[in-house]
Amino acid sequence: MNVQASRPRRLESYVCGNWTAGAKEGVPLLDASTGAPVAFIDSSGIDFASTLAYGREKAGPALRRLSFHERAAMLKALGLALMERKEEFYALSTATGATRADSWVDIDGGIGTLLSYASKGRRELPNTRVLVDGDVETLARDGTFAARHILSPLQGVAVHINAFNFPCWGMLEKLAPTLLAGMPAIVKPASQTAYLTELVVRRMIDTGILPEGGVQLISGSVGDLLDHVDGQDVVTFTGSATTGRKLKSHPAVIGNSVRFTMEADSLNASVLGLDAGPGTEEFDLFVKEVAREMTSKAGQKCTAIRRVIAPRAHCDALVAALGERLGKTVLGNPADENVRMGPLASLDQRTEVRERIRDLLEDAEIVAGDPDTPRIISGDAESGAFLNPVLLYCDRPWEAKAVHDVEAFGPVSTVMPYDTGEEAVDLTRRGKGSLVASVFTNDPAFAEEVVLGMAPFHGRVLIGNRVSAKTSTGHGSPLPGLVHGGPGRAGGGEELGGMRGVKHYMQRTAVQGSPTMLSAVTGRWVADAEARSGGEHPFRKSLAELRIGDQLVTASRTVTLADIEHFANFTGDTFYAHMDEEAAKANPFFDGRVAHGYLIVSFAAGLFVDPAPGPVLANYGVDNLRFLTPVNPGDTLTVQLTCKEINPRADAEHGEVRWDCRVTNQNGVTVAQYDVLTMVAKTRS
Ligand code: NDP
């Protein structure tokens, strides 16, 4: 189906396993450049309580049955399937006012986020259904009582209420961590650009990759849906602070302590360093970055630079350079390939932005760009939502209010002067909390002062300079592995951040009990839990045969002075504590010459390794290595090696096994402790 070429159609919602049009014809959604109707939207007649129940009852259990790696594989398959269809999304995206470059951020950026979560999930999460969080907390000296935190998926539905500016990325950046956590979602896109979200969801459902009800879509109002959310559900919101606050204070959200994540207005700032005057590479980079942030997506990005904070001495040069660059921006219908900036998403949005510019004029003057008469090369100046980039200058930002309070959600920024690093920090903080700030400087001391000053008020801070000029991902790009969200005015929420984002959809529970009970519950062996030793060497067992708690207690080996000297001369590590009795005695930690820590680890391997070819394929590292007690010549070492975690890989013939390794001396005192990491074949060859 070529969606763009077809007549305006009624968008459908995907609820309870069916595509359903609203009971009424609905509100027309217009092409941002031409004003022509693209689609009609209405969700009346949907039973929202049943939609929630369907997600909870049908999809929740199906998703929770999958392991993290299986969910990651699902995301990967979904991402690849969407990637194959992306030209269809690009074609429709033009109607939202997005240029090809804008759509790349939304479409490739959104699908890329799915794929990134797929790969991080497989690499960073175990192949289990439950996560452990942090170490075991010992609660009894005799080892009979301990605790561990676990994270398990919430059993409700994540309701994602999204903004109009990123109809694809806005959905996928929230869906990726939600589905990886094992929670189903209901997506509610902003009406204005919902036709693109609807198409992407349609293609997702067509693939059949998701469990039924894993993703449902509401095209139009969410009606009474929020009346039915409960403490196992999550609501996330991106949009205006006014709507966000209203939803956050919804009686069911408050009454049932529903997790609510909000991403709202953000008056992001970018600071030009005191060292970065005209003629420096940082000055040129700054001009480029501010102009790009103002014009990409026509400034309709929650991360766009709204406040440009520059040394007073360089403000004139900056305004001139920015004015010149912005003046060259080619504005028009994004279907025209010469166009570099498209219209705003709708005429209402343009009216709104013009009003906000009027608010800003209380404190600032326009120094570049006419907000009233767009200079376009294509599109319809009357019915298209075009707006020139508008640069303002506020000479007295200390006395100003509007420039720190009003978000004109379009190609609009205000330059303001500062004299010291402290002042620059103070101005950024007047935004009362933002998603992102940046500083362009080649002076590490200035970067330290400004970044540490700004950090508590921002979710992300970017430092730009000549070194990262070509590789920097830029001020305005949230990345899957980095936190996206900010305190205060920005909503106080946090999204993405790699696996941090997944945990927002899970409940953290402290589980207390005996070590054996904790091992059974978490699927990870913990110290002092029951173990089985004495049978076949665990390195002879395949992944299918191995169980957590399988243990090897080795023979013993006495460390001699000759061993220490041999190791020292062989490796070249002749540190005095191993070689010089007097000097070693003078050291507060030792009572004479001691064995090298790495000698202990090497002897331990010699004790526990089973040498013949077998299911253990490789030792790929150790974690958390600690030398706890010095080993002196004459001490006798024994190793206890216990299978702690087993992670079969979904797409390979092997998996990872983590072994708890304890090396003790003749008195039973632990001298070294660490995890040994091995790859083990799934079956015996
Ligand atoms: P809104 O806050 O009006 O809408 C955001 C989302 O909330 C949309 O999906 C909208 O749906 C939905 N919504 C609105 N009212 C309700 C309700 N009562 N119950 C449930 N859902 C609701 O923001 P807009 O998208 O209209 O943008 C307005 C302004 O918000 C922009 O001009 C900009 O200043 C700011 N904004 C900020 C963003 C940021 O990340 N910082 C991102 C986008 C906007 P529907 O579209 O169907 O009304």
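Values in this text are rule-based calculations from the coordinates and carry no lab data. Keep in mind it's a predicted model, so treat the numbers as computed, not measured. Every residue, glycine as well, gets a Cβ built from its backbone with ideal geometry; the counts of neighbours run over all protein chains shown.
With the highest mean first, a sort of the peptides 461-469, 246-254, 54-62, 182-190 on other beta-carbon atoms found within 10 angstrom per residue produces 182-190, 54-62, 461-469, 246-254. Hydrodynamic radius of the chain by the Kirkwood approach over all distinct alpha-carbon pairs: 28.4 Å.
Rg then Dmax, both in Å and based on the Cα atoms of the stretch 182-266: 13.9, 38.
Applying 0.36 nm per residue to the separation of LEU479 and TYR620 and subtracting their alpha-carbon distance, the gain on full extension is 47.8 nm. Fewest neighbouring Cβ atoms within 10 Å first, the residues LEU274, LEU452 line up as LEU452, LEU274. By the helix-only formula, in which each DSSP H run with n ≥ 4 contributes -39500 (n - 2.57) and the sum is divided by residues, the chain has a 222 nm mean residue ellipticity of -9000 deg cm²/dmol.
Here's the list of aspartates and glutamates a cross-link from LYS288 could span, going by alpha-carbon distance under 20 Å and ignoring same-chain residues fewer than 8 apart: ASP102, ASP275, ASP316, GLU324, ASP443.
Once Rg and the Kirkwood radius are both taken over the C-alpha atoms of the stretch 418-514, their ratio Rg/Rh works out to 1.10.
Going from the fewest other Cβ atoms within 10 Å to the most, the residues THR94, THR51 appear in the order THR94, THR51. Sorting 634-645, 501-512, 130-141 by their mean Cβ neighbour count within 10 Å, with the most densely packed peptide first, gives 634-645, 501-512, 130-141.
Near PHE237: Cβ cut-off under 9 Å, other residues only, Lys/Arg at +1 and Asp/Glu at -1. The net charge is 0. Excluding same-chain neighbours fewer than eight residues apart, the aspartates and glutamates reachable from LYS585 by a Cα-Cα span under 18 Å are GLU565, ASP635.
In a fully extended conformation the segment linking LEU561 and GLN666 would gain 36.1 nm over its present Cα-Cα distance, using 0.36 nm per residue. Ranked for footprinting exposure by Cβ neighbours inside 10 Å, fewest first, ARG123, ARG71 give ARG123, ARG71.
Between amide H atoms placed 1.01 Å from N, distances below 5 Å from ASP233 occur with VAL157, all of them 5 or more places distant or on a separate chain. Shown here is the pair-distance distribution of the stretch 223-305: with all Cα-Cα distances grouped in 10 Å bins from zero up to the longest one, the shares run 16, 31, 19, 18, 12, 5 percent.
Modelled spin-label separation between ARG466 and ALA77, with each label point placed 7 Å from Cα along the Cα-to-Cβ direction: 5.2 nm.
Cβ neighbours within 10 Å, averaged per peptide: list 655-667, 75-87, 568-580 in order, most packed at the top. All intermediate terms of the calculation are to be shown ahead of the outcome.
Details: 655-667: 20.1, 75-87: 18.1, 568-580: 13.6.
Order by mean packing, descending: 655-667, 75-87, 568-580.
Between ALA455 and VAL521, the modelled label-to-label distance comes to 3.5 nm, taking each label 7 Å out from Cα in the direction of the beta carbon.
Here the label points at GLU355 and LEU139, each 7 Å from Cα along the C-beta direction, are separated by 5.6 nm in the simple model.
Beta bridges per DSSP, both residues in the chain: antiparallel share near 60 percent.
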